[in-house]
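Here's the structure, in structure tokens; my notes come after.
The values are calculated or read from the model by the stated rules, or taken from the named source; none is laboratory data. All of these numbers come straight from a predicted model, not from anything done at the bench. Positions of Cβ are backbone-derived with ideal geometry, glycine not excepted, and every protein chain shown enters the neighbour counts. For accessibility, only protein heavy atoms count, side chains too; no ligands or nucleic acids. Shrake-Rupley method; radii C 1.70, N 1.55, O 1.52, S 1.80 Å.
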Amino acid sequence: MLLTPGPTPVPEFVRKAMADITIHHRTPEFEAIFAETRELLFELYGMDEVVMLASSGSGAMEACITNLTHKKALTINSGKFGERFGKICKAFDIDYSEIKNEWNTPVSVESVLEAVKADSDIDAIFIQLCESAGGLRHPVEEIAAAVKEYNKDIMIVADGITAIGVEKIDVSNLDAVITGSQKALMLPPGLAIIGLSNDAVSKIEKKSRGFYFNLATEIKKQRTNTTAWTAATTLIIGLREILSNIKNNGGFDTLYEQTALRASATREALLAIGCEIYPKTPANAMTTIYTENAPAIRKILKTKYGVNIAGGQDHIKSLIFRINHMGLVEDNEASWAVNTVELALDELGVRTFDGTASKVFSTKMFKGN
């Protein structure tokens, strides 16, 4: 049972769709598929423009840094992926400043405002909606609203790789939102997507940068239902399939409600057996638990109970474990996951197993208490 926060399991109906005959990307047949997929992405994002890139999410991060920073970037670092924005700036010799917090601590609206007011060169802010290194949710929408009130020309770029498809995001003050195929979109890795505002498109058209990740080139091509370079045809076919399935089975809002309920039930179940939630503001994409027993718990779950969950990275590598809620996770899978954590705690001599986790999860999930 794969319950890592990416890659997530690919549903069978998506695998079957991607297993069909290969279509050449410069044909009317594929252009029709591309057009339909674009329309579904517009519904998912609710933004003015969408761009698909044949890359992982890191490629989209690079594209946003290089195309939307014309003077100086401000990066928010509360984890491995916020840190990556700064590394990309360094790689391209793009001037940037950084607000750095511990991986369980969200950035404040006040600290971001203070930074932009102190430095008039900052013309783009880069932040994670969900910083998946620790399962943290930043107050991105509140930050974006405050910054836009101060200076509407500052671009707000949000990494939504573990947020798109998880929750409804208020994009009214966001200029770019990034996601990747292997998270809530339930596809294999290799496709990145960026939602863009009209202001972002205008800035890109005035001055773009790069070759493969030149967004001006891609926007122009994708508006004609093709790509500048070779399209990730199989993944785009799979994307159309998964988005159509969600739309035809209750819609995105139903998916968001079920994901939020599953996340809440999981957190309550694990709190009930003495676990400590790591982030101060948890995201619904995953549940992150802080414990020195994390490596032992993960080993027991994988080898004894067939449940594969993720650990941490860098300085918290052996101090957390993360359980995924993204995608079409079955309720019985989530219930089994919390039950096996309780069994592992019993095996480690931390807590005697009495079925509390499963009971709390089922009560919250199915009884609404």
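Enter the per residue convex hull volume of the chain, computed from alpha-carbon coordinates, in Å³ rounded to the nearest integer.
Values: hull volume 47.4 nm³, N = 369.
With only Cα atoms used, the chain gives 128 Å³ per residue.
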- Item | Structure-based [θ]222 nm, the chain - -39500 (n - 2.57) summed over DSSP H runs of at least 4, per residue, nearest 500 | -13500 deg cm²/dmol
- Item | Alpha-carbon centroids, segment 236-310 and segment 1-64: separation in whole Å | 22
- Query: On full extension of the chain, what length is gained from Gln258 through Thr226, given 0.36 nm per residue of separation minus the C-alpha to C-alpha distance?
  - Reply: 8.1 nm
- Message: If you scale each eigenvalue of the Cα gyration tensor by 5 and take the root, what three semi-axes come out for segment 271-352, rounded to whole angstrom and sorted largest first?
- Response: 17, 17, 12
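Tell me, in nm to one decimal, what length is gained between Lys304 and Asp20 on full extension, where the rule is 0.36 nm per residue of separation less the Cα-Cα distance?
Value of the extension gain: 98.6 nm.
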- Inter-probe distance in nm under a simple model that places probes 7 Å from Cα toward Cβ, at Leu113 and Lys168: 2.6
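Report the relative contact order of the chain, percent, no decimals, based on alpha-carbon pairs under 8 angstrom and at least 6 residues apart. Intermediate results must be reported in sequence, preceding the final value.
Working: 739 pairs, mean separation 81.2, N = 369.
Relative contact order here is 22 percent.
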- Item | Principal axis box of segment 150-288, alpha-carbon based, largest edge first, Å | 54, 42, 25
- Note on the structure: Scoring only Lys, Arg, Asp and Glu (+1, +1, -1, -1) among other residues with Cβ under 10 Å from the Cβ of Lys168 yields -4
- Given DSSP loops and a limit of at most 16 other Cβ atoms within 10 Å, what is the longest stretch of the chain that contains no such chymotrypsin sites (Phe, Trp or Tyr not before Pro)? 230-352
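Mind checking the full-extension length gain between Lys72 and Asp354? Use 0.36 nm per residue of separation minus the Cα-Cα distance, one decimal, nm.
96.0 nm
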- Which residues qualify? For Glu98, with a placed amide H closer than 5 Å and at least 5 residues away or on another chain, they are Thr75
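Of all alpha-carbon pairs in segment 25-66, indicate the percentage at a distance above 12 angstrom. It would help to have the intermediate numbers written out before the result.
Values: 575 of 861 pairs.
That tail contains 67 percent of the Cα-Cα pairs.
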- Message: With every protein chain kept in place and ligands, DNA and RNA left out, what is the accessible area per residue of the chain? Probe 1.4 Å, answer in Å².
- Response: 41
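How big is the equivalent ellipsoid of segment 305-369 along its three axes, where each semi-axis is √(5λ) from the Cα gyration tensor, reported in whole Å from largest to smallest?
Numbers: eigenvalues 93, 61, 20 Å².
Those come to 22, 17, 10 Å.
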- Task: For the chain, with all protein chains present and a 1.4 Å probe, just round the carbon and sulfur fraction of the accessible area to a whole percent.
- Result: 49
- Message: For segment 46-173, take every pair of Cα atoms, bin their distances at 5 Å starting from 0, and report each bin as a whole percent.
- Response: 2, 11, 23, 25, 23, 13, 3, 0
- Note on the structure: Per DSSP, the loop-located trypsin sites (Lys or Arg not before Pro) within segment 151-199 having at most 10 other beta carbons within 10 Å are Lys152
